[in-house]
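Before any comments, here is the structure.
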Amino acid sequence: QVQLVESGGGLVQPGGSLRLSCAASGSDFKINVMSWYRQAPGKQRELVAASTTGGSTKYEGFAEGRFTISIDIAKNTVYLQMNRLEPEDTAVYYCNAMGILQTMGVGFGSWGQGTQVTVSS
């Protein structure tokens, strides 16, 4: 199994910035894609941004130009730099990783437990 642990959430004023981190741990795994999702109260979970370990990235419209996703392959860690935060960005942010358990030769998908981001004055 692959475990994901997020950190970096908190309370920030509108216009401020936060940097989320998500570290993957386990044994004998290879990650192909890491993503950030978010879920606001009363809403469905939605994709924020995704990145392959090859460097290809995808952003949802609300994240384009404000958020930046990056992966440190050596650390099996994905980051989400969030700038110009708005109250509408308030949500629990979840990390997701997909890849291969190499010894077993099967794919995996793992979720972190989430980290709260609150944007409020």
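If you average the sequence gap of Cα pairs under 8 Å that are 6 or more apart and divide by the length of the chain, what percent do you get for the contact order? Result for the chain is 36 percent. Taking all protein chains into account, the per residue accessible area for the chain stands at 53 Å² (1.4 Å probe). Here the Karplus curve 6.51 cos²θ - 1.76 cosθ + 1.60, taken at θ = phi - 60°, turns the phi angles of the stretch 72-88 into couplings of 9, 4, 4, 9, 6, 10, 10, 10, 9, 8, 10, 10, 6, 5, 10, x, 5 Hz, with x standing for Gly and Pro. In whole percent, how big is the carbon plus sulfur part of the accessible area of the stretch 1-71, probe 1.4 Å, protein atoms only? In the stretch 1-71, the share of accessible area belonging to carbon and sulfur is 47 percent. Over the stretch 62-121, Cα pairs under 8 Å with separation of 6+ residues give a relative contact order of 29 percent.
The GLN116 and SER56 beta-carbon pair, evaluated with R₀ = 35 Å, returns a calculated FRET efficiency of approximately 0.75.
Whole number please: convex hull volume per residue of the Cα set in the stretch 1-69, in Å³? Please list the in-between numbers first.
Details: hull volume 7.9 nm³, N = 69.
Looking at the stretch 1-69, the number lands at 115 Å³ per residue.
Subtract the Cα-Cα distance of THR68 and ARG84 from 0.36 nm times their separation in residues, and report this length gain in nm to one decimal. Don't jump to the answer; show the numbers that get you there.
Values: separation 16, 0.36 × 16 = 5.76 nm, distance 1.17 nm.
So the extension gain works out to 4.6 nm.
Shown is the FRET efficiency for GLN3 and GLN39, computed with R0 = 30 Å from the Cβ-Cβ distance and rounded to the nearest 0.05: 0.90.
The values are calculated or read from the model by the stated rules, or taken from the named source; none is laboratory data. These numbers come from a predicted model, not from an experiment. Here the Cβ is made from the backbone with ideal geometry for all residues, glycine too, and neighbour counts use every protein chain on show. These area figures cover heavy atoms from the full protein model, side chains too; ligands, DNA and RNA do not enter into them. Shrake-Rupley method; radii C 1.70, N 1.55, O 1.52, S 1.80 Å.
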